[in-house]
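Encoded as structure tokens, the structure appears first; notes follow it.
The values are calculated or read from the model by the stated rules, or taken from the named source; none is laboratory data. No experiment lies behind these values; they were computed from the predicted model shown. Note that each Cβ is placed from the backbone with ideal geometry, even for glycine, and that neighbours are counted across all protein chains shown. The protein model used for the area step is the full one, side chains on, heavy atoms only, and it has no ligands, DNA or RNA in it. Shrake-Rupley method; radii C 1.70, N 1.55, O 1.52, S 1.80 Å.
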Amino acid sequence: MTVESTAARKPRRSAGSKAAGEAAGKAGTTGAKRTTRTAARKGAEPELVQLLTPEGERVEDAAHAEYAQYVAGITAEELRGLYRDMVLTRRFDAEATALQRQGELGLWASLLGQEAAQIGSGRATREDDYVFPTYREHGVAWCRGVDPTNLLGMFRGVNNGGWDPNSNNFHLYTIVIGSQALHATGYAMGITKDGADSAVIAYFGDGASSQGDVSEAFNFAAVYNAPVVFFCQNNQWAISESNEKQTRVPLYQRAQGFGFPGVRVDGNDVLASLAVTRWALERARRGEGPALIEAFTYRMGAHTTSDDPSRYRHDDERLAWEAKDPILRLRRYLESANHADEGFFAELEAESETLGRRVREVVRAMPDPDRFAIFENAYADGHALVDEERAQFAAYQASFADAEGV
């Protein structure tokens, strides 16, 4: 939260990109300008919708006015609320990572660095919208009112989710990569048949965008004009596979082939993420069909706690993205615009400490997972091999008790 750097710069523009961007905005088909693979390889930053620079300055860009209007009236209180959401989400995430290292969780998928994309898009949803996450959308869950401690039961192995999806219109986490995009599309098609004016948003990563389920979801959503927003958090790495090994074009451009708009947004800019998602959700509710948002961001930590990112990426890449830290970016703006004082930041720090303690206490009070649950529901009517394996496992577990009694 206190990372400082002077290396962050505004995205560079290529010749002729302004005219192309204005044309795309008028047509409502791309919502953002293109970037080439060659430029990406050389380190040039891609063209994207950005309303707040890494230095914390508001962007006054006519090319992005279509989206800026969705946050034009945002108040200082709302801005402080977005900052609070990101800070507390990061603190929760850090506690979960620490708990896994201490043996309290089996695994954890960190969102470090992706807070702005999740909080911005999550706060754009209405109560009656329905959200389909993967397994890293802890910030979106926070926005939907899911108790963060409920997210940890699955990672501890004591339940399969821990919350009622219908209470918050927030589906259980999905481990099968990309399948939730189809679930979201089917749900959105049902909304249309019911005549409701709500919308659906499906979250997935850049790696999941290579899955067939996602392409099928795009096609069904386009053909049936489903009110669904596909929100891709492009954090640059599908575990150890970089973007260059996944796609030849920017991900948002894939939407064009299916016949609906795609837009690339600065995923470390909470205002831009909020604005673009509001735009996409409102057009979906109006019956204008699906849209694809590519939130260009970065996974600053490991894919999960079982991963070692130092084996496939360099520290200079991570340091460059730390200079664009989404939380520091908004703090700079709050301070420069006199929207928050030191009292606000001090109170938030105390609230963060309280949240951390509560998370630790709740997790450590959770029961140990049922070791024999893995043998249940393997077959509907039971199976001799499963019975044999259960008996072998029981004998193995009993051996520890025997050893302790010696």
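Please work out the FRET efficiency for the pair Glu127 and Ala350, using the Cβ-Cβ distance as r and a Förster radius of 22 Å; give the result to the nearest 0.05. Write down the numbers at each step before the final one.
Working: r = 29 Å, r/R0 = 1.33.
The value I calculate is 0.15.
If each of Glu288 and Gln392 carries a label point 7 Å out from its Cα toward its Cβ, how far apart are those two points in nm?
Computed distance between label sites Glu288 and Gln392 equals 6.0 nm.
Take each of the peptides 130-136, 321-327, average the number of other beta-carbon atoms within 10 Å over its residues, and list them starting from the highest.
Most protected by this proxy first, the peptides run 130-136, 321-327.
Which of Arg278, Arg329, Arg313 moves the most in a Gaussian network model of the chain with Cα springs under 10 Å?
Answer for the Gaussian network model of the chain: Arg313.
Would you give the gap between the C-alpha center of region 79-99 and the C-alpha center of region 345-406, rounded to a whole Å?
The two parts, judged by their Cα centres, are 26 Å apart.
Could you work out how far helix 179-194 tilts from the main Cα principal axis of the chain, as a 0 to 90 degree angle to the nearest 10?
Value to nearest ten degrees: 70.
How high is the relative contact order of the chain, in percent, counting Cα pairs under 8 Å that sit 6 or more residues apart?
The normalised contact order for the chain reaches 23 percent.
Considering only protein heavy atoms, what per residue accessible area in square angstrom results for the chain with a 1.4 angstrom probe?
Values: 18570 Å² over 406 residues.
Accessible surface, normalised per residue, equals 46 Å².
Here are some values of percent of Cα pairs over 30 Å apart: (i) 43; (ii) 47; (iii) 36. Which one was computed from this structure?
Computed from the coordinates, percent of Cα pairs over 30 Å apart corresponds to (i).
Relative to the longest principal Cα axis of the chain, at what angle does helix 212-223 sit, 0 to 90 degrees, rounded to 10?
Its long axis makes an angle of about 50 degrees.
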